[in-house]
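Here is the structure we will look at, set down as structure tokens.
The values are calculated or read from the model by the stated rules, or taken from the named source; none is laboratory data. Please read these numbers as outputs of a predicted model, since none were measured by experiment. Cβ placement follows ideal geometry from the backbone for every residue including glycine, while neighbour counts extend to all protein chains displayed. SASA here: full protein model, heavy atoms, side chains in, ligands and nucleic acids out. Shrake-Rupley method; radii C 1.70, N 1.55, O 1.52, S 1.80 Å.
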Amino acid sequence: MKSVFVVGAGPAGMFAARKVALAGYDAFLFNRDIKPGGLAEYGIYPLKDKMKFGLRKQFAQVLDLPKVHYFGNIRIGNGYDLAIADLEAMRPAAILFTSGAQGAHNLGLPGETAKGVYAAKDFVYHYNQLPPYASQDFSTGRRIAIIGIGNVAIDIARWLLQDSPSRATEEVVIIARRGPFEIKFDKKEIGYVGRHIERDAMIAELDRIKDRCANCNQDVSAQNVFAGYFPMLNEEDFTSIPPRLSFRFLASPTAVFAGPDGRIEKLEVAENDLVLRPDGSTKAVLTDQKTLLDIDTLIFAIGDKHDEKLGLPMGPDGYATLADPGHPNDPVFEVWDPANSCPLPGRFVAGWARRASTGLVGIARHDGELGAQKTIDYVQDLPDTNTMTEPEILALLRRKGLHPVTKFDLALLGAIEQKQAALRKLNYFKYSDNESMFRAIAEAKKQAARSGEEIRLQPIS
Ligand SMILES: Cc1cc2nc3c(=O)[nH]c(=O)nc-3n(C[C@H](O)[C@H](O)[C@H](O)COP(=O)(O)OP(=O)(O)OC[C@H]3O[C@@H](n4cnc5c(N)ncnc54)[C@H](O)[C@@H]3O)c2cc1C
């Protein structure tokens, strides 16, 4: 038997496993979380029900394929449950890494380890109920600063302005290094929160930065900026509602100051000048003009980075790959070994594990499928590697004291969560800690044994 191991079960991993299985090979998914889905389950905004339900259904269909095997609650990496060498000892024909980008960029500011300072991904994991983040302290206060101006920043602002059950928000301020022309969020996303912006405050902010932007030939008049990025502010009957959403452009945080309780109390920001590069792009250049803002919660939404502990060689942009100089823009899925200047045979990366923070679910899916095809092409020419079977792998994991979750367990969990949702009159219910999930699975198994009922593998819906 020659099988492919897929590390990670987000959109890239799930659709890669499907492709591998449909090509006739067994795909073994090893996933850190009990449930599949990655950021599709634990990142996408909780109220985007239609998208989440649709994706869950597609993931369930993948798990339903007989050639797809699933080991949830198994984290791969040095110092985690299994090292890559442990996977290799199970004799896979190839390993495709789709473990996303689990680290987060910060700015290395003095004081940024204060309480109340969070990385965006951890924060969204928390409100999307991913264990263990779900039960950790991500408390927010009244004045929250978000660093970054992409869709993730807007999602978080939306949560803090409208949906967090524990919100005490009076103002969310989005801090951007450069000007409004470098905004990265989509019109659709800002549409969810636009009514929290005060038009006059936005006009004043644009006025404050207009000369610096004009140095780069940017006309940041309200007319231009509203038309391009904030169309709601052009509507005649626009009225703003609290809590307030404000923007501070051309500003870079330089220090965090904590109060006596250790929680962030002030954020120091420096004004930036905007400079035109020869290629026409703009660069923010720090000035020594600084302001202290009253801030009790700070969230970095400036992108993710790869987890070095996974154990793959690292390059300048994360896990190492080497572009073909003749086709520098073509995606490269083979992991590169810089120490020996050659590809690592049979090791591939796809999705956000290939390029961190890049694109929506559809892009991650496509990337996973392309990576799977590369992996299949590689495996086709190999002799049989005699990969261990699912029961052998399960037994080995249990001997190591690990608690793998199979797709059979997931089906039981899905059924129990559906019952809970019905009892609580909710559209959807999910447990937010591993212990409750394990208890629910064990209870479902006991019940089935008592009733003598055959447990049928059903996709979670
Ligand atoms: C806040 C936020 C909101 C988003 N909203 C949208 C949206 O509205 N619409 C949209 O289309 N896209 C959205 N996206 C983007 C989308 O979520 C990603 O494009 C997609 O999930 C990336 O897929 P992936 O499989 O590459 O990585 P991920 O989804 O990150 O999956 C990684 C998988 O690897 C597993 N893993 C991690 N480390 C290990 C390890 N060491 N060992 C084993 N397993 C591991 C994880 O458990 C997870 O299953 C959003 C992203 C974020 C951050």
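Identify the trypsin sites (Lys or Arg not before Pro) of the stretch 373-419 meeting these criteria: DSSP loop state and at most 13 other C-beta atoms within 10 Å of the C-beta.
When the trypsin sites (Lys or Arg not before Pro) of the stretch 373-419 are filtered for loop state and at most 13 Cβ neighbours within 10 Å, Lys400 remain.
Given R₀ = 41 Å, what would the calculated FRET efficiency be for Ala214 paired with Asp137, taking r from the Cβ atoms and rounding to 0.05?
Efficiency for this residue pair is about 0.40.
How high is the relative contact order of the chain, in percent, counting Cα pairs under 8 Å that sit 6 or more residues apart?
Reported relative contact order: 22 percent.
Set Lys and Arg Cβ to +1 and Asp and Glu Cβ to -1, take the dipole of the stretch 179-258 about its Cα centre, and tell me which of Pro242, Val225, Ala258 lies farthest positive.
The one lying farthest along the dipole's positive direction is Ala258.
Tell me the GluC sites (Glu not before Pro) within the stretch 175-254 that lie in a loop according to DSSP and have at most 13 other beta-carbon atoms within 10 Å.
Glu235, Glu236
Given a 1.4 Å probe, how much area per residue of the stretch 214-269 is accessible, in Å²? Walk me through the intermediate numbers first.
Details: 2680 Å² over 56 residues.
I get 48 Å² per residue for the stretch 214-269.
Label-point separation (nm) for Glu182 and Thr385, each offset 7 Å from Cα along Cα-to-Cβ?
Taking the simple label geometry, Glu182 and Thr385 are separated by 4.3 nm.
Just the accessible area per residue of the stretch 286-342, please: how many Å² with a 1.4 Å probe?
That works out to 57 Å² for each residue.
Which shape class, rounded, prolate or oblate, goes with the stretch 1-122 when its Cα gyration tensor gives a ≥ b ≥ c as root eigenvalues, a/c under 1.5 marks rounded, and past that a/b bigger than b/c marks prolate?
Judged from the Cα gyration tensor, the stretch 1-122 comes out oblate (a/c at least 1.5, b/c at or above a/b).
Taking a cut-off of 16 Å between Cα atoms, list the lysines near Lys374, but don't count ones fewer than 8 places away on the same chain.
In chain and number order, the partners are Lys2, Lys19.
Which lysines does Lys290 reach when only Cα atoms under 24 Å apart count, and residues fewer than 8 places away in its own chain are ignored?
Straight-line reach from Lys290, under 24 Å: Lys115, Lys210, Lys266.
Over the chain, what percent of the accessible surface lies on carbon and sulfur atoms, probe 1.4 Å?
Of the solvent-accessible surface of the chain, carbon and sulfur hold 51 percent.
Hey, rough spin-label estimate for Arg424 and Ser341, points 7 angstrom out along Cα→Cβ, what's it come to in nanometres?
5.8
How much mean residue ellipticity at 222 nm does the chain get from its helices, if each DSSP H run of length 4 or more adds -39500 (n - 2.57) and you divide by all residues, to the nearest 500 deg cm²/dmol?
-10000 deg cm²/dmol
Taking the Cβ-Cβ separation of Lys400 and Ser281 as r and a Förster radius of 51 Å, what is the calculated FRET efficiency to the nearest 0.05?
The computed FRET efficiency comes out at 0.55.
What's the extension gain from Met1 to Asp261 if we count 0.36 nm per residue and subtract their Cα-Cα distance?
Length gained between Met1 and Asp261: 87.7 nm.
With each pseudo-label sitting 7 Å past Cα toward Cβ, what's the Ser221-Lys48 distance in nm, one decimal?
Rounded to a tenth, the inter-label distance reads 3.5 nm.
Determine the distance separating the Cα centre of the stretch 339-361 from the Cα centre of the stretch 1-31; give it in Å without decimals.
The two parts, judged by their Cα centres, are 15 Å apart.
Accessible area per residue, 1.4 Å probe, Å², for the stretch 1-118: what's the number?
Value for the stretch 1-118: 33 Å² per residue.
What is the spread of the Cα atoms of the stretch 186-279 along each of their three principal axes, largest first, in whole Å?
46, 41, 22
Beyond 19 Å, what share of the Cα-Cα pairs of the stretch 255-354 is found? Please give it as a whole percent.
65
Determine the gain in length on full extension of the stretch Asp433-Asp330; use 0.36 nm per residue of separation and subtract their C-alpha separation, reporting nm with one decimal.
Numbers: separation 103, 0.36 × 103 = 37.08 nm, distance 4.06 nm.
Gain on stretching Asp433 to Asp330: 33.0 nm.
So if each residue of separation counts as 0.36 nm, and I subtract the Cα-Cα distance between Leu292 and Ser164, what length gain in nm does that give?
Extending this stretch completely gives an extra 43.4 nm.
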